[in-house]
1. What single numbered condition from (1) in a loop (DSSP other than H, G, I, E, B); (2) of a type outside the set (A, V, I, L, M, F, W, C); (3) exposed (fewer than 15 other Cβ atoms within 10 Å of the Cβ) fails to hold for THR62?
2. Residues that are touching a Cys at 6+ places or on another chain (Cβ under 8 Å) and modelled with pLDDT of 95 or more: does the stretch 30-52 have at least one?
3. If the Cβ limit is 6 Å and pairs must be 6+ apart or interchain, which residue in the stretch 94-117 that is more than 21 Å from ASP153 (Cα to Cα) and modelled with pLDDT of 95 or more pairs with which residue that is of a type in the set (D, E, K, R) and not in a loop (DSSP other than H, G, I, E, B)?
4. Looking only at the stretch 173-210, count every residue that is within 20 Å of GLY63 (Cα to Cα), assigned to a loop (DSSP other than H, G, I, E, B), within 15 Å of the chain's Cα centre (by Cα) and of a type outside the set (S, T, N, Q) and tell me the total.
5. Which residues, counting only those in the stretch 197-226, are over 12 Å from PRO142 (Cβ atoms) and of a type in the set (Asp, Glu)?
6. With the condition kept exactly as written, say whether any residue in the stretch 141-158 is touching a strand residue (DSSP E or B) at 6+ places or on another chain (Cβ under 6 Å) and polar (S, T, N, Q).
7. Hey, could you check the stretch 131-167 for residues that are touching a Lys or Arg at 6+ places or on another chain (Cβ under 8 Å) and β-branched (Val, Ile, Thr) and say which is farthest from PHE54 (Cα to Cα)?
8. Taking the stated definitions as given, is GLY175 over 20 Å from ASP46 (Cα atoms), of a type in the set (Gly, Ala, Ser) and touching a Lys or Arg at 6+ places or on another chain (Cβ under 8 Å)?
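The values are calculated or read from the model by the stated rules, or taken from the named source; none is laboratory data. Just so it is clear, the model here is predicted, and its values are computed rather than measured. With ideal geometry, Cβ positions are generated from the backbone for all residues, glycine too; neighbour counts draw on all protein chains shown.
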Amino acid sequence: MKFGVVIFPGSNCDQDMVHVLRSVAKQEVLEIWHKETTLPNFSVEDCIIIPGGFSYGDYLRTGAIARFSPVMEAVIEHANAGGKVWGICNGFQILCEAGLLPGVLLRNDNQKYNCRNIFLKVKENHSLLTRQCTENEILKIPIAHGDGRYYADEATLQSMKAHHQILFTYCDEEGNENVSSNPNGSLLNIAGICNEGGNVFGMMPHPERASEEILGNTDGFKLFASLLDESLVHS
């Protein structure tokens, strides 16, 4: 599998992602500038990653301008053809704005930027992003966002439940999902989802920041290993 990491003006997690993919997972990675209009030599077996940051300074609305960058038409075509696309934090916001994922990310309910380690519960372990995890497994992964409150209307939420699209929810260390374990007010404590086709993923937490022993946490690397479907999970 080959990876492409899209870089927008204001992206600031792109090199973190490139490092984990190239130096930790030992995968081929191409950096893709947002003005590109094609994804040369990428197949549906490959994965495009939209990293975190503050694309276009978060003007208008998070992800609202980046959604119209030239490269996004190629990303949408890649996703519609069955290719893998993974958006993290600002990338999640961009994918929702582009219509590749349902719902929207709104300002945190406490109106504050939130940067700390949190706990996630794996709700579905049959997706390409979670198949190295066990159902209801608790992962510790950092967040860093001011606009992470997931919202969708009731019909969309019910459809997502029916199609097993809710991949991660916020919880406490014991796995309890409640108001106190929800860092931003997301409906249903939602932290990460996929599209109905199961090839487009979005999440607010940053697994690339929890993928090396030197950082004291490798929980996030399970998601990379899941995409690769190889025995790469650190013991």
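1. Failed condition: (3).
2. Scanning the stretch 30-52 turns up at least one residue that is touching a Cys at 6+ places or on another chain (Cβ under 8 Å) and modelled with pLDDT of 95 or more.
3. Partner pairs satisfying both residue conditions: ASN117/LYS140.
4. Within the stretch 173-210, residues that are within 20 Å of GLY63 (Cα to Cα), assigned to a loop (DSSP other than H, G, I, E, B), within 15 Å of the chain's Cα centre (by Cα) and of a type outside the set (S, T, N, Q) number 3.
5. GLU212, GLU213, listed by residue number.
6. For the stretch 141-158, residues touching a strand residue (DSSP E or B) at 6+ places or on another chain (Cβ under 6 Å) and polar (S, T, N, Q): absent.
7. ILE138
8. Numbers: over 20 Å from ASP46 (Cα atoms): yes; of a type in the set (Gly, Ala, Ser): yes; touching a Lys or Arg at 6+ places or on another chain (Cβ under 8 Å): yes.
Spelling it out, GLY175 is indeed over 20 Å from ASP46 (Cα atoms), of a type in the set (Gly, Ala, Ser) and touching a Lys or Arg at 6+ places or on another chain (Cβ under 8 Å).
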